[in-house]
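The values are calculated or read from the model by the stated rules, or taken from the named source; none is laboratory data. Predicted, not measured: the structure shown is a model, and the values here were computed from it. Glycine also receives a Cβ, built like all others from the backbone with ideal geometry; neighbour counts cover every protein chain displayed. Quick note on the areas: whole protein, heavy atoms, side chains included, nothing else; ligands and nucleic acids left out. Shrake-Rupley method; radii C 1.70, N 1.55, O 1.52, S 1.80 Å.
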Amino acid sequence: MKLASLKHGRDGRLVVVSNDLTRCTDAARIAPTLQAALDDWERAEPHLRELAQSLEAGAAPVERFHERDCASPLPRSFQWADGSAYVNHVELVRKARGAEMPASFWTDPLMYQGGSDAFLGPRDPIAMPTEDWGVDMEAEVAVITGDVPMGVTPEEARGFIRLVMLVNDVSLRGLIPAELAKGFGFFQSKPSSAFSPCAVTPDALGEAWDGAKLHLPLLVRLNGEEFGRANAGIDMTFDFGQLIAHAAKSRPLGAGAIIGSGTVSNKLDGGPGKPVAQGGAGYSCIAEIRMIETIETGAPKTPFMRFGDRVEIEMLDAAGHSIFGRIDQKLIRYER
């Protein structure tokens, strides 16, 4: 089952989307918003599934589904916590800013609490007042949970995953070092994130979903050129069960909590990775290729995003069809 929120008010209008992403049907009689459905999931889910079956059978009222009309599945959320499950990525970006990586990062995941009051839609531009802040995309997978009790085990946590989606976790690389040097975490360096047009139930992912990881390439294009195709199921040191359990160690999580995987990152032949053009899996953010360039030549040459640059993030199924729809954003100059 695939769900989306069409732009409407603050929290969107919930629709059920056809498997091929061409049609949708209004779900207001079941739940007006995705958050409302998640708050009452045991009642709402069976009715939403019935509606999805009716849509596929041509027995439900139909609207044409346009990804450009979508807000993020949850236009705002009570909780957005982003992990860093791909330790290869952590190691590279820390090297890029001259920071060593403690050995504990391989056994205890990093996680930060992001701003969740104003997510961008999947086709909304990234608006920044200057390029000098080092605007970077970070392509990730994320899950939406139900109510998670405090102290769950990683195995138990898997059962609280309700939906899966993609995310562009925008980072301002130029602001990160000074902010983290204060010892109190990200804030200004992590502006609004954008999520894929659709969030899908884990069963809709078939064999690609193993209960805690999504084993498919995450496709990233920058200005129309293939930039990354790292497999989200490879080199994921901490799976979503572990990430949810980490977030819920000392607090419960409310229905609609979003947990991110961190930037998807693959190694290659034991090394840090290669560009797609060189036969590698490429990168899900610009910071990684800049670090590779620094290792190889002594200095980075790939710039961070400039005004007018376009990033696309998508995942295809085994038949080559888009699963979640496409995040497609341009960097524009912010004008108040």
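See the values below:
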quantity	calculated
Among residues of region 254-263, those that are open to solvent by 10 Å² or more (accessible area, probe 1.4 Å) and farther than 14 Å from Gln35 by Cβ, counted	0
Subset of region 45-76 (residues that are farther than 22 Å from Ile258 by Cβ, touching a Cys at 6+ places or on another chain (Cβ under 8 Å) and in a loop (DSSP other than H, G, I, E, B))	Val62, Phe65
Residue in region 77-87 that is over 22 Å from the mean Cα position of the chain (by Cα), in contact (Cβ under 8 Å) with a residue 12 or more places away in the chain and outside any loop (DSSP other than H, G, I, E, B) present	no
Selection from region 155-184 of residues that are open to solvent by 30 Å² or more (accessible area, probe 1.4 Å), within 23 Å of Val90 (Cβ to Cβ) and not basic (Lys, Arg)	Gly174, Leu175, Pro177, Ala178, Leu180, Ala181, Gly183, Phe184
Filter result for the condition that a residue is of a type in the set (A, V, I, L, M), touching a residue at least 24 places away in the same chain (Cβ under 8 Å), crowded, with 20+ Cβ neighbours inside 10 Å and in a helix (DSSP H, G or I), over Val143, Val152, Val93	Val93
Enumeration of residues in region 301-320 that are of a type outside the set (A, V, I, L, M), assigned to a loop (DSSP other than H, G, I, E, B) and under 28 Å from Met165 (Cβ atoms)	Thr302, Phe304, Arg306, Phe307, Gly308, Asp309, Asp317, Gly320
Flag if Ala212 is modelled with pLDDT of 95 or more and either open to solvent by 10 Å² or more (accessible area, probe 1.4 Å) or over 23 Å from Thr302 (Cβ atoms) (or both)	yes
Residue count for region 284-300, restricted to those that are assigned to a loop (DSSP other than H, G, I, E, B) and modelled with pLDDT of 95 or more	2
Hey, Asp117 open to solvent by 50 Å² or more (accessible area, probe 1.4 Å), under 18 Å from Ala287 (Cα atoms), at pLDDT 95 or above and not hydrophobic (A, V, I, L, M, F, W, C) or not	no
Condition check for Arg123: open to solvent by 10 Å² or more (accessible area, probe 1.4 Å), part of a loop (DSSP other than H, G, I, E, B) and under 26 Å from Glu312 (Cβ atoms)	yes
Counted residues, region 11-28 - those being in contact with a Ser or Thr (Cβ under 8 Å, 6 or more places away or on another chain), part of a strand (DSSP E or B) and open to solvent by 10 Å² or more (accessible area, probe 1.4 Å)	1
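Residue-wise test of (1) of a type outside the set (Gly, Ala, Ser); (2) within 22 Å of Val143 (Cβ to Cβ).
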| position | (1), (2) |
| --- | --- |
| Ile258 | yes, yes |
| Ser261 | no, yes |
| Lys267 | yes, no |
| Pro275 | yes, no |
| Gly282 | no, no |
| Gly308 | no, no |
| Arg326 | yes, yes |
